[in-house]
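The values are calculated or read from the model by the stated rules, or taken from the named source; none is laboratory data. All of these numbers come straight from a predicted model, not from anything done at the bench. FYI the Cβ positions are ideal-geometry reconstructions off the backbone, even for glycines, and counts take in every protein chain you see. Protein only, heavy atoms only, side chains kept; ligands, DNA and RNA dropped before computing areas. Shrake-Rupley method; radii C 1.70, N 1.55, O 1.52, S 1.80 Å.
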Amino acid sequence: MKRFFVAATTLACVVFLVVAGASAQTPQRVIIDTDPGVDDAMAILLALNSPELKVEALTVVPGNVDGRQGLENALKIVSLAGRCDVAVAGGAKHPLNQKLITAQFWHGPNGLAGVELPASKCNADSRFGPDLIIETVHKYPHEVTLIPVGPLTNIALAVSKDPSIAGLVKDIVIMGGSISGGNVDGAAEANIYNDPEAASIVFNAGWMVTMIGSDVGERTIITRKHLADLQAQHGPESDFIAKLADFYITRSEKSGYSGAAMYDPLAVATVIDPTLVTLKDMHVDVETKGEFTRGETVANRMGSNENNVLHGDHYEIEGAIELKPNARVCLVSDATRFLQLFTSRIKGK
Ligand SMILES: [Ca+2]
């Protein structure tokens, strides 16, 4: 009896260790919604070269470039990585409620620093990006993390068509917004500014949005030191990323920065290793009007609003109204450790 008990206990321990070991190694399923884009390309190749992630799909949204160019870029990037197994689908043609604003000024004529990649060996998935997102989230309930790194048009379309996905994703980690000024103007960050109505839908969809803002991205920069590190080893992917980084750093230097902001790669890295960032729960609203502030992510750091009650001809403050957080806002990143992760994953590829 005692021998049976010992054997059963040993077996239970072995089963536990195997299961625990397997879950520690099981890659996280992610969908990257992207407008590639120099830093998008960096983010995509970081994800494809990270064993912690299983990239289920890339869905393309218009932003840095139009949807047609974006789809072509995404297909060329997965082809360069030899990863035609990753579904790549086009999505929305334009923002929900305004004209598209493209960013060749920052990203070069084709959105990829003018670097001409070989023609793609991969084919586009015929599904509409937002539908592919809905399908994948239902196929793997509570397992898929969405990583939108462009305007939030596709995500807004998906969660509007099927609001149940808000409770079925594992997480949503966006690159977008800022709690301390914008990169388009004094208030707004580009991904939110390029489709504020979509961003408002996404922040109010009922899920907790992890927000990796431009204010943190601007303090997470790739410099010439990192570029030299990338250039030290050659491979198709690292050569491509080195060319992008050189263009991007040069462009940023012209604007007075000492390196280039790693906006989109930091969002991907946050899913690979959450200890790279410090997050704080806040309630975030998206300004969709505003004379100077359209597209601003207005973060309430106190968790409450004053309750002003009308008394005759004036209002009186009667305490505070508590606000439920809808976002985990990134306050700071460990830039050194992030850049180590990024360059080590890209080098030699
Ligand atoms: Ca992007």
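From the list Pro196, Pro163, Pro148, the lone residue that is in contact with a helix residue (DSSP H, G or I) (Cβ under 9 Å, 6 or more places away or on another chain) and either surrounded by 24 or more Cβ atoms within 10 Å (Cβ to Cβ) or farther than 22 Å from Asn64 by Cα (or both) is Pro148.
Of the strands (runs of 3 or more DSSP E) contained entirely in segment 49-166, those carrying at least 3 residues that are away from the ligand (no atom under 16 Å from the Cβ) fall at 53-60. So, in segment 87-106, how many residues would count as being at pLDDT below 95 and either closer than 15 Å to Ala74 by Cα or among the β-branched types (Val, Ile, Thr) (or both)? Within segment 87-106, residues that are at pLDDT below 95 and either closer than 15 Å to Ala74 by Cα or among the β-branched types (Val, Ile, Thr) (or both) number 0. Assess whether Ile172 counts as being crowded, with 23+ Cβ neighbours inside 10 Å and within 15 Å of the ligand (Cβ to nearest atom). So Ile172 fails the test. Annotation note: Cβ proximity below 6 Å between a residue of segment 48-64 that is open to solvent by 10 Å² or more (accessible area, probe 1.4 Å) and a residue that is part of a strand (DSSP E or B) and among the basic types (Lys, Arg) (sequence gap 6+ or interchain) occurs for Lys54/Arg29; Glu56/Arg29. Of the strands (runs of 3 or more DSSP E) lying entirely inside segment 206-319, those carrying at least 1 residues that are touching a residue at least 40 places away in the same chain (Cβ under 8 Å), under 30 Å from Ile346 (Cα atoms) and open to solvent by 30 Å² or more (accessible area, probe 1.4 Å) are 277-286. Test of understanding: among His94, His142, which residue is over 17 Å from the mean Cα position of the chain (by Cα), under 22 Å from Ala267 (Cβ atoms) and open to solvent by 50 Å² or more (accessible area, probe 1.4 Å)? Step by step, each of His94, His142 is checked, and only His142 is over 17 Å from the mean Cα position of the chain (by Cα), under 22 Å from Ala267 (Cβ atoms) and open to solvent by 50 Å² or more (accessible area, probe 1.4 Å). The set of residues from segment 29-48 being within 13 Å of the ligand (Cβ to nearest atom) and assigned to a strand (DSSP E or B) comprises Ile32, Asp33, Thr34. Using beta carbons and a limit of 6 Å, which pairs, at least six apart or on different chains, have the first residue in segment 147-173 and of a type in the set (Ser, Thr, Tyr) and modelled with pLDDT of 95 or more and the second one within 16 Å of the ligand (Cβ to nearest atom) and in a helix (DSSP H, G or I)? As it stands, the answer is Thr153/Ala198, since those pairs meet every condition given.
For segment 65-77, the set of residues classified as hydrophobic (A, V, I, L, M, F, W, C), touching a strand residue (DSSP E or B) at 6+ places or on another chain (Cβ under 6 Å) and open to solvent by less than 10 Å² (accessible area, probe 1.4 Å) consists of Ala74 only.
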